[in-house]
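Throughout, read-outs are computed from the coordinates displayed, never taken from laboratory work. In this text, all values refer to a predicted model and were calculated from it rather than measured experimentally. Methodologically, a virtual Cβ is constructed for each residue, glycine included, from the backbone with ideal geometry; neighbour enumeration extends over all protein chains shown.
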Amino acid sequence: MFELRYTTTPAWTEAVLDDFNAFLIDHAAAEKKASGMAVSMLSHYPDKPDIVLAMSDLAIEEMAHFREVIKIMIERGLQLAPDTRDPYVNQLRKLSRAGTDVYLLDRLLLGSVIEARGCERFGLIAQALPVGSMKDFYIAIAESESRHEDLFLKLALNYFAEQTVTERLDEILDAEAEIVRQLPVVAALH
């Protein structure tokens, strides 16, 4: 529904492929955190049934992705690492404004942008992997992230005028591009 304003460089894909085990550990952590974020949102907005239903479904789907990544990790002899803060997500969260309505809008739009970036990056991994089950897995994950991007944007449009959504999304996309441009190139989702 929108385009990101910074394209991930080939150096990022190379870093992931050079240390795929580290990427898998980070991917698992990202899925676990995404599930937790969905639970947080449904808890924060119990008066909004569309958000409660969407986020309960999302939490389950993200946890299913987490389980699948864990299976891959176990096959490779890997284990979870302690949770760490994601610099990308933390910088994006700083864009959230105070105030009930604007905070909801920002939260939904940030969710959409984060999912869009995940879609882009998982897609890059899928393209780079050889034919096989891992490639198929990352194709499916990228498709899932695309649906999530749309989900958050549609939820925002349930509560706010299209022009309000478009204008704020425009600001967030500009800021997100600058954040990604400055991120170090590492074998991590962000």
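Compute the distance from the alpha-carbon center of segment 32-53 to that of segment 80-151, in whole Å.
16
For the Cα atoms of the chain, what angle does the longest principal axis make with the long axis of helix 20-44, in degrees from 0 to 90, nearest 10?
20
Sorted by packing (mean other beta-carbon atoms within 10 Å per residue), highest first, where do 103-112, 53-62, 173-182 land?
Packing proxy ranking, top to bottom: 103-112, 53-62, 173-182.
Give the angle, between 0 and 90 degrees and rounded to the nearest 10, that separates the Cα long axis of helix 100-128 from the longest principal axis of the Cα atoms of the chain.
20
Keeping to pairs on different chains or 8 or more places apart, tell me how many lysine pairs in the chain have Cα atoms under 19 Å apart.
Lysine pairs satisfying the spacing and distance rule in the chain number 5.
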